[in-house]
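Each reported figure results from applying straightforward, stated rules to the coordinates on display, with no laboratory input. These numbers come from a predicted model, not from an experiment. For neighbour counting, all protein chains shown are included, and Cβ atoms are generated from backbone atoms with ideal geometry for every residue, glycine included.
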Amino acid sequence: MSEVLAEREGEVLVLTLNRPDKANAMNEAMQKALIENLLNSNSKAVVLAASGPKIFSAGADLKEFSELECGIAARRRRALLKCTLEAVLDFPRPLVAAVQGKALGGGCMLALLADELVMAEGAELGLPEIKHAIPTLVGYAIVAARAGMPIARRMVQNGEPVGAGEALDFHLIEEISGNARERALERATTLACLSGPTYQANKKFINAPLMAALQAAFTEADRL
């Protein structure tokens, strides 16, 4: 079974995280497949979705690399996540995320790096790392860039998830839909009709501060 399903819908590539029996936890195979699909895509837009009705992604697969020493395993996971998040943020064409369930930890970060994010009514975004004694500097950088410091501080420092209504109020997402995947595909199809070079130029400039913040957060996390 492929950890990431890749399907073409007209000019749009739909990438689906596909480990529903494992809460779509982001293992090495899934992240490498996601990176490869993004780097090799010639589609005019991408939708990032997930299998299953309740979980977009529970974040990094903490059981992977469990045979390694704790510090080494954490560095391996962090290096892999860095490559994955940078591939999403640096994708030059429109990328729309469809969050149909809970997006937690790395899954939340992944979704929030999309150009647009559509959430289902019962979906949630959360950075619960503090409850597991794990700093989340990267999560803070991403939320702060999208919604500002107060929202980022709240999500990082209390670890409680944010529902779709709050996420919309906080400007973390663009809209709420009864069918997030279908609506995300509609948005991606619309965005695919825009000038590709112009969209890419705008996107690169818009995302430059976040890319710098992302790299700084990973550098600081490596020192902890």
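Computed over the alpha carbons of segment 7-152, Rg followed by Dmax gives 14.7, 46 Å.
Using alpha carbon centroids, what distance separates segment 116-141 and segment 194-221, in Å? For segment 116-141 versus segment 194-221, the Cα centre distance is 20 Å. Using the Cα coordinates of segment 93-159, the gyration tensor eigenvalues translate into equivalent-ellipsoid semi-axes of 20, 14, 10 Å, sorted from longest to shortest.
Can you grab the distance from the C-alpha centre of segment 1-75 to the C-alpha centre of segment 163-180, Å, no decimals? Here the answer is 22 Å between Cα centres.
For the chain, the Cβ-based charge dipole about the Cα centre amounts to some 380 debye (Lys, Arg positive; Asp, Glu negative; other atoms uncharged).
Hydrodynamic analysis of segment 110-212 uses the Kirkwood radius over alpha carbon pairs. Inserted into Stokes-Einstein at 25 °C and 0.890 mPa s, it gives a translational diffusion coefficient of 166 µm²/s.
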